[in-house]
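Values quoted throughout were computed directly from the atomic coordinates according to the rules given, and no laboratory measurement underlies them. These figures come from a predicted structure and were not determined experimentally. When we count neighbours, we look across all protein chains shown, and the Cβ atoms used for this are built from the backbone with ideal geometry, even at glycine.
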Amino acid sequence: MIKALRRAGDRRRQLGGHHAWRFERYCGSEVIALDCETTDLDPRRAELVALAAVKVRDGRVLTSESLDLRLQRPESLSGESIRIHGLRGVDLWGGEALGDALDRLLDFIGNRPLIGWCIDYDVAVINRHLRPRTGFDLPNRTLDVCRLYARERRRVQPDIEPDVRFEAMSEALGVPIMGRHTALGDAVTTALMYLRLCHGRAISA
């Protein structure tokens, strides 16, 4: 309810503005698989290190139509987060400024629906940085592949609690992991899992 009210308020404030079209209903068939690498597991503190998105169209993951951004080193980058995503300060030299990266992400995703593994986390981190710059949260409809997978597993095996860890889901669905803990690799893997769940196939191109 709160999310819907905030979105309605954002849409009202953007009427007639440059971003108004982002709040319109998307009528195409594409979805965007989204992933980000950050400095913290708490979305209230996490800073963005990398952002990636890839288009999914007609049952195919279009790796040739993707966005893969490394950002400038955030001050909160620590050894603990580096152990997860492997991006050191030197690896982020020459990275995108945060504002520029968010602009490129907005241009890439348009008003298409977003899919992701635990996507609420990614969207929460992005929105925390986006709202001060634009005055709105991402208005795109979202689908959490974890929830989709859990629903399907409970339908088949109602007495067993689904294991929704990234690696466990990938293995159960027979989907290869394409560069774990890289933003683009996780986005592509998530897109393949989505296709397996929705169409029984996973094809990249």
In a Gaussian network model of the chain with springs linking alpha carbons closer than 10 Å, the residue among 135, 95, 17 that fluctuates most is 17
Taking Cα pairs closer than 8 Å and at least 6 residues apart, the relative contact order of segment 1-66 in percent is 23 percent
Listed residues 37, 47, 171, most fluctuating in the chain (Gaussian network, C-alpha, under 10 Å) | 171
Just the Kirkwood number for segment 1-72, please: inverse of mean 1/r across all distinct Cα pairs, in Å, one decimal.
-> 15.0 Å
Per-peptide average of other Cβ atoms within 10 Å, ordering 116-125, 18-27 highest first = 116-125, 18-27
Choice from 177, 160, 126 showing the highest fluctuation, given a GNM over the chain with Cα pairs closer than 10 Å = 160
Computed P(r) (all Cα pairs; the chain; 5 Å bins; percent) | 1, 7, 15, 19, 19, 16, 13, 7, 2, 0, 0
What number, rounded to the nearest 500 deg cm²/dmol, is the helix-based mean residue ellipticity at 222 nm of the chain, given -39500 (n - 2.57) per DSSP H run of at least four residues and division by all its residues?
-> -13000 deg cm²/dmol
Check every DSSP H run in the chain and write down those whose alpha carbon atoms cover 15 angstrom or more along the long axis and whose mean Kyte-Doolittle hydropathy is 0.0 or greater.
-> 98-109, 183-199
Please pull out the direction-averaged projected area of segment 95-195, using the convex hull of its alpha-carbon atoms, in nm² to one decimal place.
-> 7.2 nm²
